[in-house]
1. If amide hydrogens are placed 1.01 Å from N in the peptide plane, which non-local residues have theirs closer than 5 Å to the one on G95?
2. Could you list which residues have their amide H under 5 Å from that of V144, counting only those 5 or more apart in sequence or on another chain, with H placed in the peptide plane?
3. Which value in nm describes the separation of the simple spin-label points at A40 and K20, placed 7 Å from the Cα toward the beta carbon?
4. Just to be sure I understand: of the beta bridges DSSP finds with both ends in the stretch 1-136, what percent are antiparallel, rounded to 5?
5. What value in Å³ per residue do you get for the convex hull of the alpha-carbon atoms in the stretch 3-157?
6. Could you pull out the chymotrypsin sites (Phe, Trp or Tyr not before Pro) across the stretch 77-143 that fall in loop regions by DSSP (anything but H, G, I, E, B) with no more than 15 other Cβ atoms inside 10 Å?
7. Mind ranking 242-251, 284-293 by how tightly packed they are, going by the mean number of other C-beta atoms within 10 angstrom, highest first?
8. Considering the Cα trace of the chain, what is its radius of gyration and what is Dmax, both in angstroms?
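Taken together, the values in this text are just the output of simple stated rules run on the coordinates, not laboratory data. Being a predicted model, the structure only gives us computed values, none of them experimental. Because the Cβ atoms are built from the backbone with ideal geometry, glycine has one as well, and the counts that use them run over all protein chains shown.
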Amino acid sequence: MGMLVDGVWKDVWLNTDENKGRFKRAESQFRNWITADGSAGPSGSDGFAAESGRYHLYISYACPWAHRTLIFRQLKGLEPHVPMSVVHHFMGDDGWEFHDREGATTDGVNGFDRMWRVYTAADPTYSGRVTVPVLWDTERKTIVSNESSEIIRMFNSAFDHLEGVRSDLDFYPPALQERIDAINDPVYHHINNGVYKCGFAATQEAYEEAFDALFAQLDAVEAILTTNRYLMGDTLTEADWRLFTTLVRFDPVYVGHFKCNRQRITDYPALSGYLRELYQMPGIAGTVNMTHIKKHYYASHESINPKRIVAKGPSTDLTAPHGREHL
C-alpha cells in the first residue's frame with residue numbers, strides 16, 4: 001500500500017501514530033458531479049453532463065467502496081453507457097495494477113499499467129492515497145470523482161434520460177433522504193469503516209474501541225431488520241446497498257483477517273437473511289467476486305498476514321432461502 005506525494009509514487013504504509021493507533025481514512029479529493037444537463041453539482045462543484053459512453057469506471061471487485069458503484073451500474077442498467085476497467089486483486093508495492101488475467105482487465109481507456117497513473121493524468125502534482133472507485137471523463141481527460149457515496153447518487157439519477165436506463169428505480173427518493181442520511185452515518189463510521197478501524201488498529205485500546213462500536217451498531221441494525229424488511233421499512237434504498245457490501249465480506253474476511261470475531265453475520269438471524277435476500281436479487285450475485293475479495297485482503301496486507309495465506313473457509317450458502325417474505 002503506497003501513495004502519491006507531489007505526483008511521485010511512494011511505498012508508504014498507513015500512519016496511525018498521530019491518531020494514537022487509530023485508523024483514519026483519508027477524505028476523497030475529487031468531488032465533482034455528473035448532472036443530467038451538466039449544471040453545477042452540490043456546493044457548487046463542477047458539473048459534467050451525463051452522456052452515453054463519455055465516462056469510464058475504474059473498480060476493484062475486492063473493494064467494498066467500488067462494489068457499491070458496480071451494484072448501481074448494474075441495477076440502473078448503465079453497463080452500455082458506462083464501460084469499466086477492473087484492477088487485479090493483489091495490491092503490492094505499486095498499488096492497484098491492471099492485468100488481463102484472473103478476472104482483472106487492462107485499462108480500457110488510458111492504457112495505463114498502474115492505477116496511480118490515472119491520478120497523475122488528472123493532476124500531475126496529486127498527493128494522497130490512490131483508491132477505487134474512480135469515475136473518469138474521457139472528454140476532459142480527468143477524474144470526475146473518487147468518492148463512492150457520491151458516484152452512486154450520480155448513477156441513481158443523472159443518467160435517467162438515456163435509453164435503457166431504469167429511471168423507475170430511485171434508491172434515494174426525496175421523501176426518505178433525511179432518514180437515509182441518518183442511518184448511513186453510523187453504518188459508515190462503525191460498520192463500513194469500522195471493520196477497517198479494527199483491522200488496521202495499531203494499539204489494543206484502538207482495536208477494542210472500534211470492535212465495541214462495530215458490534216453495537218450491528219446489534220442496532222439487527223434490531224431494525226428483525227421487524228423491517230429493509231433499513232427504511234418496505235423500501236429498498238441506497239442505505240441497504242451501502243451496508244450489503246460490508247456484510248458480504250464480513251464472514252469470509254473481516255471475522256478472521258480484521259479480528260471482528262465476536263460473532264459472524266451468519267449468527268444474526270435477521271442480518272443473515274437480509275444478506276441472502278439482497279444477494280439473490282437479479283444481477284447482484286454477478287457483482288460479488290469472492291475470489292478477488294479473499295485473495296486481495298489476505299495477500300495484500302502483509303503487515304497483518306505476513307505469509308499471505310488465504311483462508312479456505314467459511315462455507316456459507318448465500319443462495320439458501322432468506323425467509324424474509326413475511327416482513
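1. Residues meeting the amide H criterion: G2.
2. HN-HN under 5 Å from V144: L135, W136, D137.
3. Each label point lies 7 Å from its Cα, and together they span 4.0 nm.
4. Working: 9 of 15 bridges.
That works out to approximately 60 percent antiparallel.
5. Working: hull volume 18.7 nm³, N = 155.
Roughly 121 Å³ of hull volume per residue.
6. Details: sites: F90, W96, F98, F112, W116, Y119, Y126, W136; in loops: F90, W96, F98, F112, Y126.
Qualifying residues, ordered by number: none.
7. Values: 242-251: 23.8, 284-293: 16.8.
Taking the mean over residues of other Cβ atoms within 10 Å, the ranking is 242-251, 284-293.
8. So, for the chain, Rg and Dmax equal 19.2, 56 Å respectively.
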